[in-house]
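Here is the structure we will look at.
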Amino acid sequence: MDAIIKFFDQLSSIKYGWYDQNNNLHEDLKGNIFYEQYQMQLPSQIIANNHAICFDICELEREFFIKQKIPFVTILALLENDNKYPCHTFLIFKLNNKYYWFEASWQDKKAIHQYNDVKSILLCIKENFHYFTKDKKYNQKNIAFYCYSKPKININCQDFFNHCLRPENKIRNYSTILK
């Protein structure tokens, strides 16, 4: 667990921001420019640039957990609400028969949260998603979770959503995750 905590502490210095296709830094998601211009960074770029969003950070986390040979999944939480799709990506890992929500990008929830099962993690995220979206008017039943594999390098926003939101990625049974 010491290596995981050290890695988490390293991620704490990364600031919120994303890079467009022309390598310009943006520190917010306002307007359609994110959907039109976002380009996922490589893990090495995240470290060099010291800015990332959850999509990027999950790929840096993926690289770390693969090297550590620790079982994990990356998940996209999606709020389907009035044709707006606020979402967040995060990683869950399993160690010593415990499950951990490794949260390095959601500012208010940054931590390594320990749980007894995956269902408890996803329920906690559902209960707190309004803090992430800054919108308390949503139905928790409209939050869907998708397990997704490593996306292509330098993927854009639409292709990332297409990759993650495939019907077969939708989590329907919590008990099958990380068993």
If we keep only residues of segment 94-110 that are hydrophobic (A, V, I, L, M, F, W, C) and free of Cβ contacts under 8 Å to residues at least 60 places away in the same chain, then the residue nearest to Ser175 (Cα to Cα) is Trp101
In segment 144-179, anything of a type in the set (S, T, N, Q), out of contact with any Phe, Trp or Tyr (no Cβ under 6 Å at 6 or more places or on another chain), open to solvent by less than 80 Å² (accessible area, probe 1.4 Å) and part of a helix (DSSP H, G or I) is listed as Ser175
When Gln10 is run through (1) in contact with a helix residue (DSSP H, G or I) (Cβ under 6 Å, 6 or more places away or on another chain); (2) open to solvent by 70 Å² or more (accessible area, probe 1.4 Å); (3) without any contact (Cβ under 8 Å) to a residue 40 or more places away in the chain, the failure sits at (1)
| request: May I ask you to verify whether Ala52 is within 16 Å of Trp101 (Cβ to Cβ), in contact with a Phe, Trp or Tyr (Cβ under 8 Å, 6 or more places away or on another chain) and of a type in the set (Gly, Ala, Ser)? | output: no
Counting only strands (runs of 3 or more DSSP E) entirely within segment 25-141, those with at least 3 residues that are within 20 Å of Ser12 (Cβ to Cβ) and open to solvent by less than 20 Å² (accessible area, probe 1.4 Å) are 87-95, 98-103
With the first residue restricted to segment 141-162 and required to be aliphatic (A, V, I, L, M), and the second required to be in a helix (DSSP H, G or I) and open to solvent by 10 Å² or more (accessible area, probe 1.4 Å), Cβ contacts under 6 Å at 6 or more apart or on different chains are Ile143/Lys126
task: Evaluate the following for Lys110: is it under 24 Å from Thr176 (Cα atoms) and basic (Lys, Arg)?
output: no
Going through (1) of a type in the set (A, V, I, L, M); (2) within 18 Å of Ile112 (Cβ to Cβ); (3) open to solvent by 70 Å² or more (accessible area, probe 1.4 Å) one by one, Ile4 fails only at (3)
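The values are calculated or read from the model by the stated rules, or taken from the named source; none is laboratory data. The structure displayed is predicted, hence computed values, not measured ones. Note that each Cβ is placed from the backbone with ideal geometry, even for glycine, and that neighbours are counted across all protein chains shown. Areas reflect the complete protein model, heavy atoms only, side chains present, ligands, DNA and RNA absent. Shrake-Rupley method; radii C 1.70, N 1.55, O 1.52, S 1.80 Å.
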